C-alpha cells in the first residue's frame with residue numbers, strides 16, 4: 001500500500017467519534033497548559049500517564065500528541081500578551097510578539113502565530129507521513145549495536161550539544177541514567193541500587209520524576225525568586241485581523257519556519273526551542289525591514305511560531321520510526337507507548353499499522369481543531385492568564401500530587417504512621433529539580449536519561465551477547481561508526497565553540513522542556 | 001555563559017556551593033559502585049552482566065564530579081539570584097504534611113492542607129478563603145478521578161461518606 005492509502009485509512013480511524021473526542025480533549029488541554037506559565041506539554045503528558053492507564057491505547061496516544069501540538073499553539077499567546085513565554089519554545093516569540101501587543105497589534109500577532117502554526121503543522125505532519133515509511137525501511141536493518149549507537153547520539157545531542165555548559169548537560173544526563181538503574185534488571189531479574197526498599201523494586205516512575213522536576217521544581221523556583229511576581233497582561237486592542245501587508249510579510253516566514261523546524265525536529269538535534277531560535281535569526285537575515293526587529297516585526301513572530309510547530313511534528317519521525325525520543329515530551333510519550341505494551345519503531349508500522357496511521361492522521365485533524373480553538377476562541381485562553389498566581393500554583397501542585405499518587409499507591413511506614421512513598425520521592429526529586437534550576441543545569445536530559453537509559457543498556461548488552469563479549473561489534477557497521485562519530489561531534493564541536501567564546505548562541509538555544 | 005565576560009572571570013572566586021555539588025556527585029558515584037559491588041547475584045556466564053553499566057555510570061559520575069570541582073575552583077558557574085527561603089519552606093512543608101497524612105485522613109483533606117500552604121507561600125494569606133476552597137476543589141478532583149476514572153487515590157473519613 002502506498003502512503004496515500006495508509007493515510008486515508010488512518011483518517012477513517014481518526015474520524016471515529018471517540019478518537020475525535022480524545023483529540024479534542026488533547027488539543028484543549030494542550031492549549032491550556034501552553035498558555036499557563038509554569039506547566040508545559042511534558043508535564044501534562046506525564047500527569048496523564050497514570051490516568052490513561054486503563055483507557056484505549058490509540059485514543060490516549062492521540063490525546064498525548066494533541067497536547068504536544070496544542071502546547072506549541074498556546075505558548076505563543078502567553079509570549080505575545082504577557083512577555084513571559086508559556087513554553088520554552090516560545091521564548092523568541094516574546095521578543096517581537098510582545099512589542100507588537102504593546103503597539104496595539106496583539107491581534108495580528110496572535111493571528112499570524114496561529115495561522116503559521118497551522119500551516120507548519122499541516123505541512124510537517126504530511127512530511128512525517130511521507131518520510132516515515134522510508135525511515136522504517138532503513139531502520140529494519142538495524143541491529144542492537146546500531147540502536148545503541150543511535151541512543152548514544154540522542155544522549156549527546158539532548159545533553160551536551162545545546163545549552164550553557166557541556167559539563168552541566170552531561171551531569172544532568174548521568175543523574176537520569178543513574179536513576180534509571182534503580183530497580184529490577186530487565187534481563188536477569190537482579191535488583192539494583194534499591195537500597196533494600198521494596199518500594200523501589202519497580203524502579204523510579206517516569207511520572208513521578210517528570211512531575212517533580214517540572215512542576216515542583218518550577219514552583220519552588222518561582223516562589224523563591226523575589227522578582228517576577230506581578231506581570232501585565234496586554235489587552236488585545238484594535239483589529240484582530242491581519243492586513244494585506246501582514247499576510248504579504250508573513251507567508252514566506254511561515255514556509256521558511258516550517259523548512260527550518262521540521263528537519264531539526266526530525267534529526268536528533270534538539271527540540272522546538274532550537275528551531276525557533278534558528279528561524280528567528282533567519283528571519284532577521286531575510287527581512288526587508290531588519291530595522292523593525294526588536295520593535296515588533298511580524299516576521300519575528302510568524303517564522304519561529306511556524307518553526308516550533310513543524311519541529312514538534314518532526315520530533316515524531318524518530319519517535320515513531322525508531323523509538324528514539326529527542327525531547328522530554330517525546331521521551332514521556334515513549335513511556336506512554338510502553339505503558340500500553342507498544343514499542344515504537346519500525347516493527348510498530350507493521351504490527352500496529354492502524355494505530356500508527358490513525359495517530360498520524362489524527363494530527364491533521366487536531367491541527368484543524370487548534371486553528372478554531374486559537375483564532376475565534378482566543379479570548380477564553382486570555383482569561384486563563386488572569387488566574388492569580390497563588391491559586392494557579394496551588395492548583396498545579398494539586399494535580400501534580402494527584403498524578404503521582406495515581407502512578408503508584410505504595411505505602412511507606414514512618415514508625416506506626418502509613419505515609420505515601422511516592423509523594424516522598426516527589427518531594428525529593430522536586431528539591432532536586434529546584435537545585436538543578438538554581439545552578440543552571442538543564443532538566444530534559446534527566447528525564448531522557450531515565451527513560452532511554454534502560455533501553456540503551458538493553459541494546460548494549462544484547463549486542464555484546466551476540467558477539468560473545470567482543471566490543472568491536474559496536475563499530476561493525478558503517479551506520480554504527482557514523483552514528484558514534486556524530487555523537488562525539490555533538491559533544492566536542494559545541495565545547496570548542498564555547499571555548500572560543502561563541503557560546504551565546506548555544507546558550508540562547510537551551511531549552512528545558514519541549 | 002552569555003552573562004559572563006572576560007573581566008569578571010578573573011574576579012571570580014572559588015564557588016563553595018559548586019564544590020558541594022561536586023562532593024555530592026562523588027558520593028553518589030561511590031555509593032553506586034559500592035552498592036553494585038556488594039549486590040552479590042548469580043555468577044554470570046555473560047560477558048556483560050547486570051553490573052557492567054552501573055560501574056560505567058559510577059565511573060562517569062566520578063569523572064563529572066572532578067570536572068565540576070575544577071569548574072567550581074575557577075568560578076565557572078553562573079551567578080545566582082538571591083532567594084527567599086520562607087516561601088520555599090511553606091511549599092516543602094505543605095508537601096511533607098500531605099505525604100504524612102494522606103494515607104490516614106484521605107486525599108481531599110491532606111491535599112487541601114498542601115493547597116493552602118502553597119497559596120500561603122505565594123502571599124495569599126487569606127486562609128479562611130483558601131482552605132475551604134482547597135477542600136471543595138480537592139474533593140471534586142477526588143470524585144472525578146477516583147470515581148470517574150478509577151484512579152486509586154487514598155480515601156479517608158470524608159471520602160467514605162460518599
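The values are calculated or read from the model by the stated rules, or taken from the named source; none is laboratory data. This structure is a prediction, so every number in the text was calculated from the model and none was measured. Positions of Cβ are backbone-derived with ideal geometry, glycine not excepted, and every protein chain shown enters the neighbour counts.
Taking segment A:458-473 only, how many residues are touching a residue at least 24 places away in the same chain (Cβ under 8 Å) and within 8 Å of chain B (Cβ to nearest Cβ)?
2
State yes or no: is residue A:127 part of a helix (DSSP H, G or I) and either touching a helix residue (DSSP H, G or I) at 6+ places or on another chain (Cβ under 8 Å) or closer than 30 Å to residue B:28 by Cα (or both)?
yes
Checking residue A:101 against (1) modelled with pLDDT of 85 or more; (2) within 17 Å of the chain's Cα centre (by Cα), which single condition isn't satisfied?
(2)
Residues in segment A:232-242: is at least one at pLDDT 80 or above and crowded, with 18+ Cβ neighbours inside 10 Å?
Yes, some residue in segment A:232-242 is at pLDDT 80 or above and crowded, with 18+ Cβ neighbours inside 10 Å.
For residue B:67, are the conditions met, namely being part of a helix (DSSP H, G or I), out of contact with any strand residue (DSSP E or B) (no Cβ under 7 Å at 6 or more places or on another chain), free of Cβ contacts under 8 Å to residues at least 60 places away in the same chain and in the same structural domain as residue B:26 (by TED's automatic domain parsing)?
yes
Criterion first (assigned to a helix (DSSP H, G or I) and modelled with pLDDT under 90) does residue A:149 satisfy it?
no
Filter segment A:471-514 down to the residues that are assigned to a loop (DSSP other than H, G, I, E, B) and at pLDDT 85 or above, then identify the one that is nearest to residue A:277 (Cα to Cα).
Within segment A:471-514, the match that is nearest to residue A:277 (Cα to Cα) is A:477.
Would you mind stating whether residue A:122 is in contact with a helix residue (DSSP H, G or I) (Cβ under 7 Å, 6 or more places away or on another chain) and crowded, with 24+ Cβ neighbours inside 10 Å?
no
So is residue B:99 modelled with pLDDT of 95 or more and within 7 Å of chain A (Cβ to nearest Cβ) or not?
Criteria not met by residue B:99.
Would you mind telling me which numbered condition in (1) surrounded by fewer than 20 Cβ atoms within 10 Å (Cβ to Cβ); (2) more than 10 Å from every other protein chain (Cβ to nearest Cβ); (3) under 24 Å from residue A:84 (Cα atoms) residue A:435 fails?
(2)
Within segment A:19-43, how many residues turn out to be modelled with pLDDT under 90 and under 24 Å from residue A:357 (Cα atoms)?
Result for segment A:19-43: 2.
Condition first: surrounded by fewer than 19 Cβ atoms within 10 Å (Cβ to Cβ), modelled with pLDDT under 95 and out of contact with any strand residue (DSSP E or B) (no Cβ under 7 Å at 6 or more places or on another chain). Can you find one or more residues in segment B:113-123 that meet it?
yes
Can you confirm whether residue A:145 is touching a residue at least 24 places away in the same chain (Cβ under 8 Å) and closer than 30 Å to residue A:471 by Cβ?
Criteria met by residue A:145.
Somewhere in segment B:28-39, is a residue in contact with a strand residue (DSSP E or B) (Cβ under 9 Å, 6 or more places away or on another chain), facing chain A (nearest Cβ under 8 Å), buried (at least 18 other Cβ atoms within 10 Å of the Cβ) and within 23 Å of residue B:137 (Cβ to Cβ)?
Looking for residues that are in contact with a strand residue (DSSP E or B) (Cβ under 9 Å, 6 or more places away or on another chain), facing chain A (nearest Cβ under 8 Å), buried (at least 18 other Cβ atoms within 10 Å of the Cβ) and within 23 Å of residue B:137 (Cβ to Cβ), one finds none in segment B:28-39, hence no.
Limited to segment B:124-140, what total is found for residues that are facing chain A (nearest Cβ under 10 Å) and surrounded by fewer than 19 Cβ atoms within 10 Å (Cβ to Cβ)?
Total meeting the criteria: 5.
Every residue, every condition in (1) within 30 Å of residue A:435 (Cβ to Cβ); (2) more than 11 Å from every other protein chain (Cβ to nearest Cβ); (3) assigned to a helix (DSSP H, G or I); (4) in contact with a strand residue (DSSP E or B) (Cβ under 7 Å, 6 or more places away or on another chain), yes or no:
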site	(1), (2), (3), (4)
A:138	no, yes, yes, no
A:145	no, yes, yes, no
A:153	yes, yes, yes, no
A:158	yes, yes, yes, no
A:173	yes, no, yes, no
A:195	yes, no, no, no
A:210	yes, yes, yes, no
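Determine, yes or no, whether residue A:65 is at pLDDT 85 or above and over 16 Å from residue A:333 (Cβ atoms).
No, not satisfied.
Quick check, is residue B:66 surrounded by fewer than 17 Cβ atoms within 10 Å (Cβ to Cβ) and more than 9 Å from chain A (Cβ to nearest Cβ)?
Against the criterion (surrounded by fewer than 17 Cβ atoms within 10 Å (Cβ to Cβ) and more than 9 Å from chain A (Cβ to nearest Cβ)), residue B:66 qualifies.
May I ask you to say which residue of A:43, A:95, A:47, A:81 is part of a helix (DSSP H, G or I), in contact with a helix residue (DSSP H, G or I) (Cβ under 9 Å, 6 or more places away or on another chain) and under 21 Å from residue A:252 (Cβ atoms)?
Residue meeting the stated conditions: A:95.
Could you check how many residues of segment A:378-404 are under 17 Å from residue B:111 (Cβ atoms) and at the interface with another protein chain (Cβ under 7 Å from one of its Cβ atoms)?
8
Within segment A:405-431, which residues are more than 10 Å from every other protein chain (Cβ to nearest Cβ) and surrounded by 20 or more Cβ atoms within 10 Å (Cβ to Cβ)?
A:429
Please go through segment B:110-130 and pick out each residue that is part of a helix (DSSP H, G or I) and within 23 Å of the chain's Cα centre (by Cα).
B:110, B:111, B:112, B:113, B:114, B:115, B:116, B:117, B:118, B:119, B:120, B:121
Can you pull out the residues in segment B:102-112 that are within 8 Å of another protein chain (Cβ to nearest Cβ) and crowded, with 17+ Cβ neighbours inside 10 Å?
Matches in segment B:102-112: B:102, B:103, B:107, B:111.
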